[in-house]
1. Once the mean 1/r over all distinct Cα pairs of region 57-105 is inverted, what Kirkwood radius in angstroms do you read off?
2. Using the Karplus curve 6.51 cos²θ - 1.76 cosθ + 1.60 with θ = phi - 60°, what ³J(HN,Hα) values do you get for each residue of region 42-53, in whole Hz, with x for Gly and Pro?
3. Considering the convex hull of the alpha carbon atoms of region 94-235, report its projected area averaged over all viewing directions, in nm², one decimal.
4. Rank-order 297-310, 207-220, 47-60 by packing density, defined as the average count of other C-beta atoms within 10 Å over each peptide's residues, highest first.
5. Just in region 200-276: which GluC sites (Glu not before Pro) are loop by DSSP and have at most 15 other Cβ atoms within 10 Å?
6. How much length is gained if the chain between VAL134 and ALA272 is pulled fully straight, taking 0.36 nm per residue apart and subtracting their Cα-Cα distance, in nm to one decimal?
7. Mind jotting down a quarter of the surface of the convex hull over the alpha carbons of region 191-313, in square nanometres, one decimal?
8. Which whole-Hz couplings ³J(HN,Hα) result when phi for each residue of region 56-72 is put into the Karplus expression 6.51 cos²θ - 1.76 cosθ + 1.60, θ = phi - 60°, listed in order with x for Gly and Pro?
Amino acid sequence: MRTARRLPLALLGTALLLTACGAPEGGSSEADADPGAGAGAFPVTVTDATGEVTLEEAPERIVSLSASHTEMLFAIGADEQVEAVDEYSTYPEEAPVTSLSGFEPNVEAIVEYDPDLVVLARSAEETASQLETVGVPTLVLDAAVDLEDTYDQIRLLGDATGNAEEAGAEAERIEGEFDAIVENVRERVGDTELSFYQELDETSYAATSDTFVGDVYASFGLVNIADAADADGAAAGYPQLSQEYVVEEDPDLVFLSYGDESTVTDVAERPAFDTVTAVRNDAVYLLDADIASRWGPRVVEFADLIGQAVIENADR
């Protein structure tokens, strides 16, 4: 019986040289233009996905209804300001998880936590106007589409919470570690070109290079078989691929961002999948679903997982 390939989480060797990389250019917050904002001065005005938001004072009771942004808040030192998070914000473990929903937010339930700042995903944008009606400042943030969006959002949250210095350092740390991992892998594998397929769920949806996940893979020079797919959802960056298409494209690597060890066995037993290079070379990898789907600080761990897989298969 085949067993799942779980890659080690230890960072690649030269990734420890992370601080050698310089800081990225400024983020998307309007507060960057205000010299006082960097020191946590208030009031401060930032720009979210819907426009300008002014915060008169540093928030002390934050409700975060977006798992990626919850991870960012804790990473920038705003953890003591976070009063409640949604049911899927399960990392870090000290996050105050509640039954609040980030997909279908309930304004009355949110207000019970007496927040002075609510962080929402763009999909819950309508809730922002309802919260503003009852006097609760709200930040609406898009899902990141590339790594720069991650760094910008971390800095924006730093400005909005009075943790600008910590946020700047965290964004620089993530970018430095990520770049060091990619550089190390590319130096070790040279011009090796590998193709891959990441399966997002049991219905064979994938992500193209126009998505955040795809951008991470592209950093390693990997060829995404989903990019050439002519399928429903491709325009949005998430095509649903047929099993025949995957077999025809014959990826060198397959990543599964759902399921458990049995899922790897199931993939290998699909019709004609015994001819797929990734299956023949035991290069089907089971990812941590949260790490592979969020665009927060743990993108470094995601990069490390991909890098290990590339190194393992570069000479085959």
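1. Here the Kirkwood hydrodynamic radius works out to 10.5 Å.
2. For region 42-53, the Karplus-derived couplings read 10, x, 9, 10, 10, 10, 9, 5, 10, x, 7, 10 Hz, x marking Gly and Pro.
3. 11.5 nm²
4. Highest-to-lowest ranking by the protection proxy: 297-310, 207-220, 47-60.
5. Those that pass, being in a loop and sparsely packed, are GLU202, GLU269.
6. 43.9 nm
7. Averaged projected area of region 191-313's Cα convex hull equals 6.9 nm².
8. Each residue of region 56-72 in turn: 6, 9, 5, x, 10, 9, 9, 10, 10, 10, 8, 4, 5, 6, 4, 4, 5 Hz.
None of the figures in this text is laboratory data; all of them are computed from the coordinates on show. Since this is a predicted model, take the numbers as computed values, not measurements. Cβ: placed from backbone, ideal geometry, glycine included. Neighbour counts: every protein chain shown.
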